[in-house]
Amino acid sequence: MSPPGPLVGIYPGSFDPVTRGHEDIARRTIRLADRVIVAVAHTATQKKSGLFTVDERIELLREVFADDDGIEVAAFSGLLVDFARSQGAHFVIRGLRAVSDFEYELQMAQMNQELWPEIETLFLAPEVDYSFISSSLVREVAKLGGEVKRFVSPVVRERLQAKFAG
Ligand code: PNS
């Protein structure tokens, strides 16, 4: 039985900042759904030090996906499942880069399933060229003056350079 209305996927994360790996996952997802909501969490499950504010992350995501029909950007606070339900989402998307991601991802997927049994989590593999990229490594490389153009879009690279120049 197909679900009523458009098929909506939520792609949640910290996106601090969005990388080419994230872009790849969102664009793979829009081939499977009518709408993809890239959702920036105010409340990340793992404690991380942030570089960009949530508003800055959203601005970057909007610029990066400006030409991608069906990919929207939003922020949420509180539980992901509550946001997903409020958006009429059918599934959550997460990228799996390596086996090391799996334990944490499975735990989150099962917790979300426990909190809202109707939500499914789908895992997508990024293109192999992006499988080693993470926002935290991009932040570190940029901070130390390394070249990040292979890992992030030009607008993100510019914003990283501006952050660390100041
Ligand atoms: O990109 P990240 O930082 O690995 O994303 C983690 C994120 C934001 C998806 C996760 O922390 C999350 O869903 N936070 C929202 C709060 C929540 O619902 N917590 C319970 C999920 S197990």
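Values quoted throughout were computed directly from the atomic coordinates according to the rules given, and no laboratory measurement underlies them. Worth saying up front: this structure is predicted, and the values here are computed from it rather than measured. Note that we place each Cβ from the backbone using ideal geometry, even for glycine, and neighbour counts take in every protein chain shown.
At a threshold of 8 angstrom on Cα-Cα distance, excluding pairs fewer than six apart, so keeping six or more, what relative contact order does the chain reach in percent?
Working: 241 pairs, mean separation 46.6, N = 166.
Contact order relative to length: 28 percent.
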Checklist line | Sites matching trypsin sites (Lys or Arg not before Pro) across segment 123-166 that sit in DSSP coil, with at most 13 neighbouring C-beta atoms within 10 Å | finding: Lys149, Arg150
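Tell me which trypsin sites (Lys or Arg not before Pro) from segment 60-112 have a DSSP coil assignment and no more than 14 other beta carbons within 10 Å of their own. Spell out each step's value before the answer.
On the way: sites: Arg62, Arg85, Arg94, Arg97; in loops: Arg97.
Listed in order of number, the matching sites amount to none.
Which order do the peptides 21-27, 49-55 come out in when sorted by mean C-beta neighbours inside 10 angstrom, highest first?
Values: 21-27: 22.0, 49-55: 14.0.
In decreasing order of mean packing, 21-27, 49-55 become 21-27, 49-55.
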Item checked: Ordering of 32-44, 105-117 by burial proxy (mean other Cβ atoms within 10 Å per residue, highest first) -> 32-44, 105-117
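Going from the alpha-carbon gyration tensor of the chain, what semi-axes, largest first and in whole Å, does one get by taking the root of 5 times each eigenvalue? Walk me through the numbers on the way to the answer.
On the way: eigenvalues 141, 55, 47 Å².
Rounded to whole Å, the semi-axes are 27, 17, 15.
Does segment 60-128 come out rounded, prolate or oblate, given a ≥ b ≥ c as the square roots of the eigenvalues of its C-alpha gyration tensor, rounded meaning a/c under 1.5 and, failing that, prolate meaning a/b above b/c? Don't skip to the end; give the middle numbers.
On the way: a/c = 2.10, a/b = 1.14, b/c = 1.85.
Because a/c hits 1.5 or more and a/b fails to exceed b/c, segment 60-128 counts as oblate.
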